[in-house]
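Peer 1: First the structure, which I've put down as structure tokens, then a few questions once you've had a look.
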Amino acid sequence: MDFALSDEERAIRDTARDFITREVMPLEQEVLRRERAHRPGLDRAELRELQLKARAFGFWGLATPEEYGGMDLPAVTQSLIWTELGRTFVPFRFGGEADNILFHATEEQKREFLLPTIEGERVSCFAITEPGAGSDAANIRFRARRDGDDWILDGEKTFITNGNDADFAIVVAVTDPEKGARHGGATAFLVDRATGWRSEFIQTMGEGGPASLIFDGVRVPHRNILGEVGQGFDLGMQWIGKGRYTIPSHAIGIAERVLQMAIDHANTRETFGAKIGTNQAIQWMIADSETELEAARWLVLRAAWTVDQGMDPRHASSMGKLYGAGMVNRVVDRALQIHGGMGYTRELPIERWYRQVRLYRIFEGTDEMQRLIISRDLLRGYTRIGGHLA
Ligand SMILES: Cc1cc2nc3c(=O)[nH]c(=O)nc-3n(C[C@H](O)[C@H](O)[C@H](O)COP(=O)(O)OP(=O)(O)OC[C@H]3O[C@@H](n4cnc5c(N)ncnc54)[C@H](O)[C@@H]3O)c2cc1C
């Protein structure tokens, strides 16, 4: 058994680390200042400029196939890079990306939606959640009715990341209520903002925020269907599947950074004439954090490896998402505790991470949904205890 990274994985990981350390981390204080003034940490033009700088460094389209100018990296390498991105709270991500399901687009749709998204000229959002259907995504009610060569879309989507900035939305709508969304009754549509949907920003405990999308008789041509009629639910699950290993990969980077901050603080802060790190109470928090971090790392890398092997990654990814999201919440909480009163202030970014990582247990499948998947797989004998080594 070999737990080492290959030379190539290490080289790419180290180059990403170098870029983020040199070009992104120096922006942290400015990002904090802006966010405290209720402004975005980075605006769209600044993000794009950084992404173009990263492109010159060789980072463009981590998951994007080479024929579209991307790197088409294996999932394990992508996971390592997402971990590096997690080490800073600057809202930066590498450019040249598009939603994984946009690659199902027709040639015409590719020109209109996919290619400008990869180039960063257009911003997309993906909308399946509704006020009445989140975890139970098969229960969506947002309706699309056929009208000649068009479809008429009515309903509301909610909690949509990028919903307020997006130029177009990938919307999953019910096209055949008889069948039900899960069994071919839902379809994905590519819907330009110019068709008349509107968005309403939702304030959250995190920085930035999702939006509700409101569709009131929005007319969409039939050619804007993504994939096939009836394929919407499967495409939605495919979209969500990607985040199940990238989100906990990001969590690992956050945990690495805050744990290092906690260790540095424990080695310098003195109480009762000694460094706080000499107390067993502090040592145990550090030990538990490192152990859980390491456990999450291997769960997540195994999930990514499963993707690369062409195996069904859902079980491994659910374990990685469940454990990684919980782990980062516990590690950030302990790091905040070790910093005492300072941890609670906005002088330090720990409270920001504390608010940010709470989301990781909720979006793209709550903890409870991951547990549902993991236990259901075992109970019906789809997976075996011991995974691929069993
Ligand atoms: C900031 C943010 C960004 C988001 N981005 C997007 C996006 O881009 N696109 C998109 O489509 N959606 C997005 N979402 C929606 C997100 O995926 C949902 O919020 C999530 O799936 C949970 O759905 P819900 O909020 O309706 O909670 P509910 O489904 O109502 O669940 C409420 C609680 O009950 C629990 N629960 C539900 N059913 C069961 C059960 N059977 N057994 C045990 N417990 C259960 C849940 O785990 C949860 O704890 C986003 C959400 C947030 C907060």
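The values are calculated or read from the model by the stated rules, or taken from the named source; none is laboratory data. None of the values given here were measured: they were computed from a predicted structure. Every residue, glycine as well, gets a Cβ built from its backbone with ideal geometry; the counts of neighbours run over all protein chains shown.
Peer 1: Exactly one of (1) part of a helix (DSSP H, G or I); (2) within 14 Å of the ligand (Cβ to nearest atom); (3) at pLDDT below 95 is unmet by Leu359. Its number?
Peer 2: (3)
Peer 1: So in the stretch 97-129, with the set limited to residues that are in contact with a Lys or Arg (Cβ under 7 Å, 6 or more places away or on another chain) and farther than 13 Å from Phe189 by Cβ, which one is nearest to the ligand (Cβ to nearest atom)?
Peer 2: Thr129
Peer 1: If you scan the stretch 130-179, which residues turn out to be of a type in the set (Lys, Arg) and within 12 Å of the ligand (Cβ to nearest atom)?
Peer 2: Listed by number, the list holds a single entry, Lys157.
Peer 1: Would a scan of the stretch 327-335 turn up a residue that is within 16 Å of the ligand (Cβ to nearest atom) and either surrounded by 16 or more Cβ atoms within 10 Å (Cβ to Cβ) or over 15 Å from Met261 (Cβ atoms) (or both)?
Peer 2: yes
Peer 1: Take the residues in the stretch 194-248 that are modelled with pLDDT under 95 and among the aromatic types (Phe, Trp, Tyr); name whichever of them is surrounded by the most Cβ atoms within 10 Å (Cβ to Cβ).
Peer 2: Applying the filter and picking the extreme gives Tyr245.
Peer 1: Can you name the residue in the stretch 105-152 that is surrounded by fewer than 17 Cβ atoms within 10 Å (Cβ to Cβ) and among the polar types (S, T, N, Q) and is also farthest from Pro221 (Cα to Cα) among such residues?
Peer 2: Ser135
Peer 1: Any idea how many residues of the stretch 190-247 are among the polar types (S, T, N, Q) and over 24 Å from the mean Cα position of the chain (by Cα)?
Peer 2: Residues meeting the conditions: 2.
Results for (1) closer than 30 Å to Ile101 by Cβ; (2) free of Cβ contacts under 8 Å to residues at least 60 places away in the same chain, shown as yes or no for each residue.
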| site | (1), (2) |
| --- | --- |
| Trp239 | yes, no |
| Ala251 | yes, no |
| Met261 | no, no |
| Ala266 | no, no |
| Thr278 | no, yes |
